[in-house]
Structure formats: structure tokens, C-alpha cells
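Working notes for the structure below.
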Amino acid sequence: VRTQVSPILSEDGRARGAVIVCHDITELRRLEKLRTEFVANVSHELRTPLTSIKGFAETLLDGAAEEPALRERFLKIIQAESLRLQRLVEDLLTLSHIENRGVRRADGISNVQRAYEKIQPVIERYAEAKGISLNVAIPPDLPALSIGEDLLSQLMLNLLENAVKYTSGGSVWLKASTGVGEVRLEFGDTGCGIPEKSLPRIFERFFRVDKARSREQGGTGLGLSIVKHIVDGSGGKVTVQSELGKGTVFTCSLPMAL
Ligand code: ADP
């Protein structure tokens with residue numbers, strides 16, 4: 001608690017009383033700690049690919065470039081690490097944009113089918129490359145949602161990309177249905193699942209169950225925190241059910257447009 005005391009003086013300068021203001025700064029401290037942790041995490045996430053890019057570029061300049069097989073391998077690593085940096089910077093920008101501006105219910109109206117069509121080619125290609133069957137069921141009479149369409153596309157992209165990312169050779173689905181005053185979007189997969197003890201933490205920035213696996217698949221650790229921001233800001237709810245080794249279902253309930 002931070003305390004400020006100001007005396008109240010009478011006209012002849014004698015103290016007549018005091019005003020004492022107490023600020024509870026627990027929340028401030030917590031936010032400050034979160035911010036410091038975030039900056040440390042970002043720096044670490046940026047430094048890892050940068051170190052690798054720098055190292056391989058130096059090795060190439062030192063002579064490795066003369067050997068075609070090595071040159072090819074090192075250039076591929078440099079390319080992959082640059083892509084990782086790019087994804088990280090893009091996710092950070094999205095997160096910062098959403099946090100600064102906030103997501104508001106009045107931000108727009110979106111049609112689920114149209115929002116899905118924007119990301120459809122990316123998801124279909126990704127699922128096909130991993131031999132995963134993709135099933136999308138969006139009823140034609142589904143009501144519109146009170147959420148910006150780009151934000152809805154981003155939410156669907158993050159959840160479907162994760163579903164494919166953490167599944168090998170099974171199936172991934174998106175099922176939309178109408179509830180009371182809301183639309184439910186279910187994103188399911190038959191993938192690796194999430195251990196129960198990690199479930200409460202998965203929406204935190206940079207939290208990953210398996211760091212190596214996430215990195216190897218191109219994950220930044222920011223996808224679900226972006227999803228949570230979008231859903232909360234638009235007045236909806238996101239829940240997750242998962243069974244290790246069996247699969248995971250994320251359910252977003254989003255308010256219908258008025
Ligand atoms: P990442 O970029 O690592 O995928 P996210 O914020 O999108 O970061 O997800 C956080 C973590 O939650 C992931 O690293 C992964 O461990 C877990 N996760 C997310 N979605 C799934 C899923 N569909 N199946 C299994 N694990 C998942």
C-alpha cells in the first residue's frame with residue numbers, strides 16, 4: 001500500500017487535521033511484473049533465431065559456401081529462422097494492435113462463412129500437407145456476429161492452424177451452431193491433446209506445453225493469447241476440453257449481432 005499524508009492547516013498555521021490517501025498498488029505491481037516478464041520473453045524469442053542466422057551466415061562466409069551441400073543446408077536454416085522471426089513480429093504487432101485499440105462489440109458485423117473463406121486456402125493447404133482430413137460445417141442460415149470480420153478470420157486461423165499443427169494424420173473440424181443470443185464455434189482435432197495441469201495456462205503469452213515441438217512447427221506461443229483477447233473483447237467466451245493423446249476441442253461462444 002502506498003500512503004500519502006497531507007495536513008490540513010487553519011488560517012493561523014496550526015494543524016487541524018490531515019487527509020490520508022492510501023493506494024492499493026498490488027495490481028500495479030502485478031502489471032509491472034507481467035510487463036517486465038513480457039519484455040524478457042520477447043527479447044529471448046527474438047535473440048534465438050537472430051543468433052542462429054548470424055552464426056550460419058558467418059560460417060558460410062568463412063568458406064562453407066564453397067561446398068554445395070553445406071551451403072544448401074545452411075541457407076535453408078537461415079530461411080527458416082527468418083520466417084520464424086517474421087511470424088513472431090507479425091504476432092507481436094497483432095497483439096499490440098488489439099491491446100492498444102481494444103476489441104469492442106461495436107467493432108463490426110461478420111459473417112462466419114465469409115470470414116472462413118478468407119483463410120480457407122491457407123488451412124486447406126496446411127491440412128493437406130500433413131495428411132489431415134478437414135471438415136467444416138457452417139450452416140447457411142447462421143446469424144451474423146458482432147465482431148469485426150478480420151478479427152473473426154484471425155481467431156479462426158489461429159485455432160485451426162493449432163489444430164493442424166498439433167495433429168498428425170488425423171482429422172480437424174470446425175462446427176458452427178446457433179445458441180441463445182450467441183453462435184458457437186467448435187474447433188476440434190484428434191491430435192496430441194493438452195495435459196490437464198497445463199490447461200489453465202495455455203492462454204498466457206509465450207506459454208507452450210512443449211517448447212521444442214511448438215518451435216519446430218513454427219509456433220510463436222502467442223496464438224492463443226491473441227484468440228483470448230479477441231473473444232473477451234467481443235463479449236464472448238472461450239473454453240477448452242482436451243484429452244492427452246486423443247485430441248482437443250476449443251469452443252468459442254460469440255454474441256450475435258443486434
Ligand atoms: P504456439 O505458437 O506454440 O502454438 P499458442 O498460443 O497458439 O502457441 O498455443 C499455446 C500452446 O498450447 C501450444 O504451444 C501447445 O502446447 C498448446 N496447444 C494449442 N492448441 C493446441 C491443440 N489444438 N492441440 C494440442 N495442443 C495445443
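The values are calculated or read from the model by the stated rules, or taken from the named source; none is laboratory data. Since we're looking at a predicted model, the values are computed, not measured. When we count neighbours, we look across all protein chains shown, and the Cβ atoms used for this are built from the backbone with ideal geometry, even at glycine.
Give me the strands (runs of 3 or more DSSP E) completely within segment 109-198, filtered to those with at least 1 residues that are among the hydroxyl-bearing types (Ser, Thr, Tyr), ordered by residue number.
133-137, 171-178
Within the set of pairs 6+ apart or on separate chains, which have a first residue in segment 223-239 that is over 13 Å from ILE202 (Cα atoms) and of a type in the set (Val, Ile, Thr), a second that is part of a strand (DSSP E or B) and away from the ligand (no atom under 15 Å from the Cβ), and C-beta atoms under 9 Å apart?
That search, which allows pairs on different chains as well, returns VAL231/LYS237; VAL231/SER253; VAL231/LEU254.
Per-residue answers, yes or no, for (1) within 12 Å of the ligand (Cβ to nearest atom); (2) within 21 Å of the chain's Cα centre (by Cα); (3) of a type in the set (Lys, Arg):
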site	(1), (2), (3)
HIS97	no, yes, no
ARG114	no, no, yes
GLN120	no, yes, no
LEU134	no, no, no
LEU142	no, no, no
GLU149	no, yes, no
LEU152	no, yes, no
MET156	no, yes, no
THR167	yes, yes, no
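Looking at GLU58, GLU66, can you tell me which residue is at pLDDT 95 or above, loosely packed, with under 13 Cβ neighbours inside 10 Å and either farther than 19 Å from GLU161 by Cβ or in contact with a Phe, Trp or Tyr (Cβ under 9 Å, 6 or more places away or on another chain) (or both)?
None of the others qualify; the one that does is GLU58.
Tell me which residues, restricted to segment 186-225, are of a type in the set (S, T, N, Q) and near the ligand (Cβ under 8 Å from one of its atoms).
Passing the criteria: SER198, SER214, GLN217, THR220, SER225.
Only one of GLY193, GLY218 is surrounded by fewer than 20 Cβ atoms within 10 Å (Cβ to Cβ) and at pLDDT 95 or above; which?
GLY193
Output the residue which, of all residues in segment 230-254 that are surrounded by 20 or more Cβ atoms within 10 Å (Cβ to Cβ) and away from the ligand (no atom under 11 Å from the Cβ), is modelled with the lowest pLDDT.
Selected residue: SER234.
Return yes or no: is LEU93 in a helix (DSSP H, G or I), modelled with pLDDT under 90 and surrounded by fewer than 13 Cβ atoms within 10 Å (Cβ to Cβ)?
no
What's the number of the condition GLU45 fails, among (1) acidic (Asp, Glu); (2) surrounded by fewer than 11 Cβ atoms within 10 Å (Cβ to Cβ); (3) touching a Gly at 6+ places or on another chain (Cβ under 8 Å)?
Unmet condition: (2).
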